[in-house]
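What follows is a single structure, written as C-alpha cells, with notes after it.
Every number in this text was worked out from the coordinates using simple rules, so none of it is lab data. This one's a predicted model, so the numbers in the text were calculated from it and none came from an experiment. In this analysis, Cβ positions are derived from the backbone assuming ideal geometry, glycine residues included, and neighbour counts consider all displayed protein chains.
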Protein chains: 6
Amino acid sequence: MVYVTRRVHFNAAHRMHNPSWDDARNAEVFGKCNNPNWHGHNYELEVTLVGEPHPETGYVADLSRLAQLLETELLEKVDHKNLNLDVDFMQGVIPSAENFAIQIWHQLAPLVAPARLYAVRLYETPRNFVEYRGASN
Amino acid sequence: MVYVTRRVHFNAAHRMHNPSWDDARNAEVFGKCNNPNWHGHNYELEVTLVGEPHPETGYVADLSRLAQLLETELLEKVDHKNLNLDVDFMQGVIPSAENFAIQIWHQLAPLVAPARLYAVRLYETPRNFVEYRGASN
Amino acid sequence: MVYVTRRVHFNAAHRMHNPSWDDARNAEVFGKCNNPNWHGHNYELEVTLVGEPHPETGYVADLSRLAQLLETELLEKVDHKNLNLDVDFMQGVIPSAENFAIQIWHQLAPLVAPARLYAVRLYETPRNFVEYRGASN
Amino acid sequence: MVYVTRRVHFNAAHRMHNPSWDDARNAEVFGKCNNPNWHGHNYELEVTLVGEPHPETGYVADLSRLAQLLETELLEKVDHKNLNLDVDFMQGVIPSAENFAIQIWHQLAPLVAPARLYAVRLYETPRNFVEYRGASN
Amino acid sequence: MVYVTRRVHFNAAHRMHNPSWDDARNAEVFGKCNNPNWHGHNYELEVTLVGEPHPETGYVADLSRLAQLLETELLEKVDHKNLNLDVDFMQGVIPSAENFAIQIWHQLAPLVAPARLYAVRLYETPRNFVEYRGASN
Amino acid sequence: MVYVTRRVHFNAAHRMHNPSWDDARNAEVFGKCNNPNWHGHNYELEVTLVGEPHPETGYVADLSRLAQLLETELLEKVDHKNLNLDVDFMQGVIPSAENFAIQIWHQLAPLVAPARLYAVRLYETPRNFVEYRGASN
C-alpha cells in the first residue's frame with residue numbers, strides 16, 4: 001500500500017457562531033472568530049488516498065485526475081465563498097476546521113475508487129491544522 | 001545602512017467592489033473576488049525598516065518593540081476583521097492588496113523613527129503579493 | 001475522532017554531552033554538537049491532540065486556549081533558554097531532540113483533557129525532526 | 001519509541017512510459033509526463049526511522065551518520081540523474097513517485113539497524129507526494 | 001508605484017552543455033549538471049510588475065489575467081519540457097538559470113502593459129535562485 | 001546584470017550583551033536575549049552576487065563553487081558555534097543580526113570576483129531578518 005497526497009489551496013470567509021446561543025455567549029466562547037462581519041483564511045488542503053500502485057501505470061491514482069476531481073467537486077464550491085452562507089454541505093454545521101474537514105471527507109470519500117480515502121488534512125493557518133481519517137480512525 | 005524586516009500574520013475577510021459601478025460590471029471585472037458574501041485570506045505582512053545599527057545595541061530597531069507596535073497599531077485593527085466594514089483606515093478605499101499595502105504604509109511610516117520605513121510587502125496568498133516603498137520609489 | 005495540531009516556535013541553546021563520559025569520547029560521538037560553548041536552534045513544535053468535536057462548538061479543543069497553555073506551561077520555560085542549564089524538566093537528561101520531545105510530552109499530556117495528547121513533533125532544523133506519540137505507540 | 005526523520009533534496013529527470021504500450025496509449029494515459037524528451041523535478045525525501053533512544057546518547061539514530069548513509073547509498077545514485085536511464089534500482093520499473101518510493105525503501109531498509117525504517121515520504125512537487133511504510137502497512 | 005508579484009510553478013529537464021567545447025571540458029566545467037541523460041527541476045518563477053494602482057479597480061494588474069497570460073505565453077512552452085530540446089526561445093542558449101531568466105524576461109516584457117515588467121526571479125532549487133531586472137538594472 | 005543567490009543554513013548560540021553596561025541595563029534593554037546562559041538560532045543566509053553571465057557558461061558565478069567557498073570561509077567558522085566566544089570576526093562586536101550581517105559581508109566581499117557581492121540577507125528566525133548591501137547602499 002502506498003499513500004498518495006495532493007495539496008490544494010483555496011480561500012474563504014467564515015464565522016464561528018452557534019445559532020442556539022445568544023450573542024453574548026457566542027462572543028465569549030468564540031472571541032474574535034465570532035466577528036459578525038466575518039473573517040477569512042487561505043486554506044491549504046491535503047487529500048491522501050491509499051492503495052496499491054497499478055502494475056501498468058505505477059499510479060495509486062492519477063494525480064492530475066485527482067486534481068481535476070478536487071477542482072470540480074470541492075474547490076468550485078468553496079473557493080472565494082462564505083462557508084456559512086454559500087456552501088451547501090456546510091449548512092447547519094458550525095464551520096470549525098474540525099467540522100469542515102469531516103464534511104470534506106464525506107464529499108470526497110465516495111469519489112476516489114478504486115483507491116481509498118485515507119486522510120483529509122486542513123490547514124486553517126500555517127500554525128493551526130486538523131486531520132480527519134474517517135469514522136473508524 | 002541595514003534593512004530590518006519583521007514578518008507578521010493576520011487574517012481578514014474582504015470583497016472587491018467598486019461602489020460607483022453597478023453589480024454587473026463589478027461581477028465582470030472582479031469575478032469571484034466580488035462575492036457579496038465575502039471571502040478571506042491569511043495575510044502575511046513584511047515590514048522593512050532601514051537605518052544605521054545603534055553603536056550601543058547593534059539594533060536598527062528593537063524588533064520586539066516593532067512587533068509590539070505592529071500588534072497595537074495594526075493587527076488589533078485588521079486581524080479577524082472585515083476590511084470593507086471594520087477597518088477605519090480602509091473606508092472609501094477598494095481593498096485590493098495594492099491599496100491595502102499603501103494604507104498600511106501610511107499607518108506605520110510616522111511611528112518607526114529613528115529608523116525609516118523602507119517597504120511594506122503584503123502576501124494575500126503564497127503566490128500573490130505586493131510591495132509598496134513609499135511615494136518616491 | 002479528529003486530530004488537531006497547533007504549531008509553535010521558540011529558540012534555545014543546548015549542547016550534546018554525556019557527563020559519564022570523558023571529553024574525548026563526547027567529542028568523538030557528538031562531534032560539533034558537543035561544542036562546550038553551546039550552539040542553538042529555532043525549534044518548531046507541533047502539538048497534536050485527538051478527540052471528538054464538541055457538538056456545541058465544533059472544536060476538539062479551543063486552539064487559542066491551547067496556544068495560551070503552550071505559552072505558560074512550555075514556552076516560558078524553554079524560549080531563549082539553555083536546555084542543559086535553565087530548563088527544570090531537562091535536568092539529568094541528554095538534550096537530544098528525541099529526549100526533549102519525550103519530556104515535552106510528559107509536560108503537556110496531563111493538561112489537555114478532555115482531548116487526549118496524540119503526538120509531539122519537534123523540528124530541530126527544517127531537515128531534522130522527531131516525533132513521540134506516548135509510551136504505547 | 002520515537003520517530004526520527006531526516007529530509008534530503010535531489011533533482012532528477014524522468015519520463016512516465018510503459019514500454020509494453022504503444023506511443024498513442026502512453027501519450028493518452030500519461031499526458032505531458034510522457035514527453036519523450038524528459039522532464040524533471042526537485043525531489044524532497046523524508047526518511048523516518050523508529051526506535052528507542054539509546055540511553056547513553058539520547059539518539060534513536062545519529063542523524064549525521066544517517067545523512068552520510070543517504071549521501072553514499074542513495075543521493076550519489078539519483079542526484080542529477082535520469083531515473084529511467086541512469087539508476088540501477090529503477091531499471092524495469094515505471095518511475096512513478098509511488099514506485100520510486102518503494103524502491104528507495106528497499107535500498108534503505110537493510111541499512112538502518114538497530115533502528116527500523118518506518119516511512120519513506122517523497123515529494124515530487126510541493127503539492128504532490130507519496131509515502132510508503134513497507135509491505136505490512 | 002506598487003510592485004505586484006505572481007508566483008508560478010513548472011518543472012522541466014535540462015542539461016548544462018556548451019556545444020563549442022568537447023565533452024571533457026563540458027564535464028569538467030559543468031560537473032554533474034552536464035549529465036548527457038539530463039536532470040531536472042521544479043522551477044518556481046516570480047514575475048513582478050510595477051505601476052500605479054488603477055483608481056477604479058485598485059489593481060496595478062489583474063493577477064488572474066496575469067496568471068492566464070503566464071499560462072498561455074510561458075507555462076505551456078516550458079512545463080514538463082526539455083529546455084534544451086523543446087523550448088523555442090531557448091534554442092542556441094546555454095540553459096543556466098541566469099540565461100533562462102533573461103529569456104523569460106524577453107518573452108514577458110512586451111505583454112504586460114500598461115504595467116511595466118520589473119523583475120523575473122527564478123528559483124532552480126529552494127537554495128539557488130537568480131533575478132533579472134532588465135538591461136538597465 | 002543578473003543577481004544570483006545561494007541560500008545556506010547554520011546554527012549557533014549567542015547572547016545580546018553590551019560589556020560597557022552593567023547587568024541591570026543589559027537585562028532591561030535586551031530582555032530574554034540577554035540570558036547569560038545563551039540562546040540560539042537556525043540561521044538562514046542568502047548571499048547575492050551580481051554580474052554578467054559569462055558567454056561560455058551562462059553563469060554569473062558557479063554556484064557549486066560559491067557553495068564551497070561559503071562552506072570553507074564562513075560555515076566552518078560559525079556553524080554549531082557561539083558567536084560571542086568562538087567566532088574571530090565577531091570579537092568586540094555586539095552579535096545582533098544587523099552587526100552579524102555586516103561582518104559576513106566583510107568576510108565575503110573580497111572573495112567573489114569577478115562577480116560582485118550585492119547583498120547579504122540573514123534570517124535569525126523565519127519572522128525576523130536583516131539585509132546589508134554594503135556601505136554605499
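Dipole of the protein assembly as shown, Cα-centred, from +1 at each Lys and Arg C-beta and -1 at each Asp and Glu C-beta, to the nearest 20 debye?
Dipole about the Cα centre, nearest 20: 0 debye.
For Cα pairs less than 8 Å apart in space and 6+ apart in sequence, what is the mean separation divided by the residue count of segment B:2-132, i.e. the relative contact order in percent?
32 percent.
Return the FRET efficiency for the residue pair F:Gln68, E:Asp23: r is the Cβ-Cβ distance, R0 is 25 Å, and the value is rounded to the nearest 0.05.
In this case the efficiency is close to 0.60.
Work out Dmax and Rg for segment A:1-81 from the C-alpha atoms and quote the Rg first, both in angstrom.
18.6, 60
In debye, nearest 20: dipole of segment E:79-137 around its Cα centre with unit charges on the Cβ of K, R (+) and D, E (-)?
Computed charge dipole of segment E:79-137: roughly 240 debye.
Shortest first and in nm to one decimal, what separations exist between B:Pro126 and its copies in the other chains, measuring from label points 7 Å along the Cα-to-beta-carbon line?
List, nearest first: 0.4, 0.9, 1.0, 1.0, 1.1 nm.
List the GluC sites (Glu not before Pro) in segment F:50-137 that DSSP assigns to loop (not H, G, I, E or B) and whose Cβ has at most 13 other Cβ atoms within 10 Å. Which are they?
F:Glu56
Once the cut-off is 21 Å, how many percent of the Cα-Cα pairs in chain B end up in the long-distance tail?
When all Cα pairs of chain B are counted, 44 percent exceed 21 Å.
Please report which chain B residue places its beta carbon nearest the axis carrying chain B onto chain A, with the distance rounded to a whole angstrom.
Value returned for chain B: B:Gly40, 0.
List every residue whose amide H lies under 5 Å from the amide H of E:Asn42, counting only residues 5 or more places away in sequence or on a different chain, with H placed 1.01 Å from N in the peptide plane.
For E:Asn42, whose amide H was placed from the backbone, the distant partners under 5 Å are D:Asn42.
Can you list the lysines whose alpha carbon is less than 25 Å from that of F:Lys32, not counting same-chain residues fewer than 8 positions off?
Reachable lysines: C:Lys77, C:Lys81, F:Lys81.
Nm distances between the label at B:Asn137 and the same-position labels in the remaining copies, 7 Å along Cα→Cβ, shortest first?
B:Asn137 label point versus its equivalents elsewhere: 1.2, 1.2, 4.7, 4.8, 4.9 nm.
Quick check on the protein assembly as shown: of the DSSP beta bridges with both residues there, what percent are antiparallel, nearest 5%?
Taking every DSSP beta bridge with both residues in the protein assembly as shown, the antiparallel ones total about 95 percent.
Over all alpha-carbon pairs in segment E:5-48, figure out the percentage whose distance exceeds 12 Å.
That fraction is 64 percent.
Between segment A:95-116 and segment B:114-135, how far is it from one alpha carbon centroid to the other, in angstrom?
Each part reduced to its Cα centre gives a spacing of 37 Å.
What is the antiparallel percent of DSSP beta bridges lying wholly in segment C:1-113, to the nearest 5?
Expressed as a percentage, antiparallel bridges in segment C:1-113 total about 85.
Over the residues of segment C:67-127, compute the C-alpha Rg and express it relative to 2.2 N^0.38 Å.
Taking N as the residue count of segment C:67-127, the ratio is 1.13.
How shielded is F:128-137 by partner chains, expressed as the average number of their Cβ atoms within 10 Å of its Cβ atoms?
Counting Cβ atoms of other protein chains within 10 Å of each residue's Cβ and averaging gives 5.
How far apart are the D:Leu85 label points across copies, placing each 7 Å from Cα toward Cβ, in nm, shortest first?
Its label point is 0.7, 5.4, 5.8, 5.8, 6.1 nm from the equivalent points in the other copies.
Once each part is reduced to its C-alpha centroid, what is the distance from segment D:10-73 to segment B:1-66 in angstrom?
38
Can you tell me the dipole magnitude for segment E:2-132 around its Cα centre, using point charges on the Cβ only (Lys, Arg +1; Asp, Glu -1), in Debye to the nearest 20?
So the magnitude is around 200 debye.
In chain C, with Lys and Arg counted as +1 and Asp and Glu as -1 at Cβ, which of these residues, C:Thr48, C:Ala135, C:Ala24, has the Cα nearest the positive end of the dipole, that is, farthest along it?
C:Ala24
Relative to a virtual label point 7 Å from the Cα of C:Ser136 in the Cα→beta-carbon direction, which members of segment C:102-125 show backbone nitrogen distances below 14 Å?
Flagged as within label range: C:116-119.
Can you find, among B:Val120, B:Asn82, B:Ser96, the residue sitting farthest towards the positive end of the charge dipole of segment B:2-132, where Lys and Arg contribute +1 and Asp and Glu -1 at Cβ?
Value computed over the given set: B:Ser96.
Roughly how crowded by other chains is peptide B:10-17, in terms of the mean Cβ count from those chains within 10 Å of each of its Cβ atoms?
Taking the mean over all residues of the peptide, I get 5.
With runs of 4+ DSSP H residues as the only contributors, calculate the mean residue ellipticity of the protein assembly as shown at 222 nm using -39,500 (n - 2.57) per run, divided by the residue total and rounded to the nearest 500.
Computed mean residue ellipticity for the protein assembly as shown: -6000 deg cm²/dmol.
Arrange the following residues from fewest to most other Cβ atoms within 10 Å of their Cβ: D:Leu83, C:Leu63.
Sorted ascending by nearby Cβ count, the order is C:Leu63, D:Leu83.
Give the order of F:Leu66, C:Leu74 when sorted by the count of other beta carbons within 10 angstrom, beginning with the fewest.
By the 10 Å Cβ count, ascending, the order reads C:Leu74, F:Leu66.
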